[in-house]
Amino acid sequence: MSSRLLADSVVVVHFAFIAFVVAGGFLALRHRAWAAIHLPAAAWGAWTELTGTICPLTPWENALRASAGTAGYSGGFVEHYLIPLIYPEAL
């Protein structure tokens, strides 16, 4: 499997994790079993954002991109992918 495809897969997993951190509480309200998964995920998400820690998925993605011969990025996942979605340059 190509490193680029693996890096893209890491991005998809990262987006899915962030979506689960943000909206997983609704699953937990509906089915209590989700709370056991959502609470640690939400704690990790809050800790990484509040402390400025880089999630381990980000360096992994950058390493896969480097092994595929493409450039990675500096900073965190949120700054690279989410901020441009929320605040486009043309805005």
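The values are calculated or read from the model by the stated rules, or taken from the named source; none is laboratory data. Just so it is clear, the structure is predicted and the values come from calculations on it, not from any experiment. Methodologically, a virtual Cβ is constructed for each residue, glycine included, from the backbone with ideal geometry; neighbour enumeration extends over all protein chains shown. Please note that ligands, DNA and RNA were not included when accessible areas were found on the heavy atoms of the full protein model with its side chains. Shrake-Rupley method; radii C 1.70, N 1.55, O 1.52, S 1.80 Å.
Modelled spin labels at Glu49 and Tyr73, positioned 7 Å past Cα toward Cβ, are 1.7 nm from each other.
Using only helices, what value at 222 nm comes out for the chain when you add -39,500 (n - 2.57) per DSSP H run of length 4 or more and divide by the total residues, to the nearest 500 deg cm²/dmol?
Taking each H run of at least 4 residues, the total per residue is -21500 deg cm²/dmol.
Projecting the Cα atoms of Leu39, His80, Thr58 onto the charge dipole of the chain (Cβ charges, centred on the Cα centre) puts Leu39 farthest toward the positive pole.
If you sort Arg65, Arg32 by accessible surface, 1.4 Å probe, largest first, the order is Arg32, Arg65. Computed from backbone phi, the HN-Hα couplings of region 32-46 come to 4, 4, 5, 4, 5, 8, 6, 4, x, 5, 5, 5, 4, x, 5 Hz, rounded to whole numbers (Karplus: 6.51 cos²θ - 1.76 cosθ + 1.60, θ = phi - 60°; Gly and Pro given as x).
For the chain, the extents of the C-alpha atoms along the principal axes are 44, 38, 24 Å, listed from largest to smallest. For the pair Arg32 and Ala66, label points projected 7 Å from Cα toward Cβ lie 4.7 nm apart. Compared with the dominant principal axis of the Cα atoms in the chain, helix 3-30 is inclined by about 20°.
Distance from the alpha carbon centroid of region 47-91 to that of region 1-33 works out to 15 angstrom.
Of Glu61, Glu49, Glu89, the residue with the largest accessible area leads and the full order is Glu89, Glu49, Glu61 (1.4 Å probe).
Mind putting a number on the dipole of the chain about its Cα centre? Charges go on the C-beta only, +1 for Lys and Arg and -1 for Asp and Glu, and I need it in Debye to the nearest 20.
Roughly 320 debye for the chain.
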